[in-house]
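Asks: Okay, handing you the structure first.
Readers should treat all values here as calculations from the given coordinates under stated rules, not as data from a laboratory. Please read these numbers as outputs of a predicted model, since none were measured by experiment. Please note: Cβ atoms are built from the backbone with ideal geometry, for glycine as well, and neighbour counts cover all protein chains shown.
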Amino acid sequence: MPNSPDIPCIPISGATTLVGIIGHPVAHSRSPQMHNAAFAHLGMNWAYVPFLVDPANLESAVNGLRDLNVRGFNVTIPHKQAVIAFLDELSPGAQAIGAVNTVVNDNGRLIGHNTDGIGFVRSLHDARRWNPKRSPGALILGAGGSARAVCDELLRVGVGGLRIANRTTQKAEELAAHLLVNHPHADIKVIDHTPLFHRAAINWAELIINTTSVGMKEGDPSPLDTNGVSPGHIVADLIYTPPETPLLKACKATNARTINGLGMLLYQGAEAFTLWTGKDAPVDVMKGVLA
Ligand code: ATR
């Protein structure tokens, strides 16, 4: 998106502190707009820039960012797991999740964090006044890096259990085994990725969450046969472009409560902002930019 007249620009100077995002692709990211608006709003001499990093160059890019003294960076597809090998330390949360979306550069020591799960749960509270302790459980579609973060945080805040369905069942089984290490008493089951098993899990779950990329591309189908989805369900899609995926559209038609990925984008960003700056993020300003 070109610079909008509504988004104030930061005058770069010799004293500007730099943060950014590494990804491949990265041009679609809305994080630069969101963070730069926050810096400008608070009058901070900081700037956030996108870095397109080929997976083959990940190590040298990470070392370069350390040596350039950037204060930190976000990490997106496909580097969230691979980046760990090039960091000096992980927060307990990132360790538990096994993926990193935020790195803090502490005087040359790169510390990996993961704010995705926290961001997702904050977005649920925000949008739906949701009470995890009263939630029987969640049906999770997908078993990649985002699913790891979301599942770990849901269990942490007290969701009753998880049913995980993934195109590649083995990856769902690996995710379930990984989660059980940190949540040994949790009710976690891998289910077949078929409408029959989906249906049983839909009847059991309160929350349904799509963490796959199905729905992002024009012409994509819904990743779930939505038969059985009812007004009692909350259906979340981590995708935010398009704002209404085929899954959300089908579920909205059943009067289920739906939520797209913009809230998670906002709150994972707000948490990262605080890790870098030590300040509370101006969430309303950041939300305004994403609207
Ligand atoms: P992220 O970090 O965003 O979670 P990822 O780790 O690459 O990205 O995970 C992508 C998820 O989307 C995986 O669960 C993947 O399924 P596989 O494990 O079978 O690869 C799922 N996914 C991607 N494309 C898909 C498709 N066309 N149909 C079904 N699932 C798909």
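Asks: How much length would be gained if the chain were fully extended between R156 and A177, taking 0.36 nm per residue of separation minus their Cα-Cα distance, in nm to one decimal?
Replies: Here the answer is 6.0 nm.
Asks: At a Förster radius of 35 Å, what calculated FRET efficiency corresponds to the Cβ-Cβ distance of V49 and A85, to the nearest 0.05?
Replies: E between V49 and A85, to the nearest 0.05, is 0.90.
Asks: How many times 2.2 N^0.38 Å is the alpha carbon radius of gyration of the range 36-153?
Replies: Compared with the compact-globule rule of thumb, the range 36-153 sits at 1.20.
Asks: Another question, then. With the Cα gyration tensor of the range 26-85 in hand, convert its eigenvalues to equivalent ellipsoid semi-axes via √(5λ) and list them largest first in whole Å. Present the calculation step by step, with values, prior to reporting the outcome.
Replies: Working: eigenvalues 107, 39, 15 Å².
Taking √(5λ) for each Cα gyration eigenvalue gives 23, 14, 9 Å.
Asks: Between the range 145-177 and the range 61-101, what's the alpha-carbon centroid distance in Å?
Replies: 22 Å
Asks: A follow-up question, please. So for the pair N63, H125, with labels modelled 7 Å out along Cα→Cβ, what separation do we get in nm?
Replies: 4.1 nm
Asks: Further question: How far apart, in nm, are two points set 7 Å out from the Cα along the Cα-to-Cβ line at A56 and at H28?
Replies: 2.4 nm
Asks: Can you pull the one-decimal nm distance between simple spin-label points at R257 and N107, each 7 Å off the Cα toward Cβ?
Replies: Once both label points are built, they end up 4.6 nm from each other.
Asks: Taking springs between alpha-carbon atoms closer than 10 angstrom, which of A205, A94, A256 fluctuates most in the Gaussian network model of the chain?
Replies: Per the Cα network of the chain with a 10 Å cutoff, A256 tops the list.
Asks: Okay, next question. What percent do you get for the relative contact order of the chain when only Cα pairs under 8 Å and 6+ apart count?
Replies: Taking the mean separation of contacting Cα pairs over the length of the chain, I get 16 percent.
Asks: Placing +1 at every Lys and Arg Cβ and -1 at every Asp and Glu Cβ, with all other atoms neutral, what dipole size does the chain have around its Cα centre, in debye to the nearest 20?
Replies: 620 debye
Asks: How do R109, R30 line up, fewest other C-beta atoms within 10 Å first? Present the calculation step by step, with values, prior to reporting the outcome.
Replies: On the way: R109 11, R30 17.
Ordered from fewest to most neighbouring Cβ atoms within 10 Å, R109, R30 come out as R109, R30.
Asks: Rounded to the nearest 0.05, what FRET efficiency do D192 and D280 give with R0 = 30 Å and r taken as the Cβ-Cβ distance? Could you check? Let's see the in-between values first.
Replies: Values: r = 44 Å, r/R0 = 1.48.
Between D192 and D280 the formula returns 0.10.
Asks: Could you count how many Lys pairs in the chain have their Cα atoms under 25 Å apart, skipping same-chain pairs fewer than 8 positions apart?
Replies: For the chain, the number of qualifying lysine pairs is 15.
Asks: Based on C-alpha coordinates, I'd like the Rg and Dmax of the chain, in Å.
Replies: So, for the chain, Rg and Dmax equal 19.0, 61 Å respectively.
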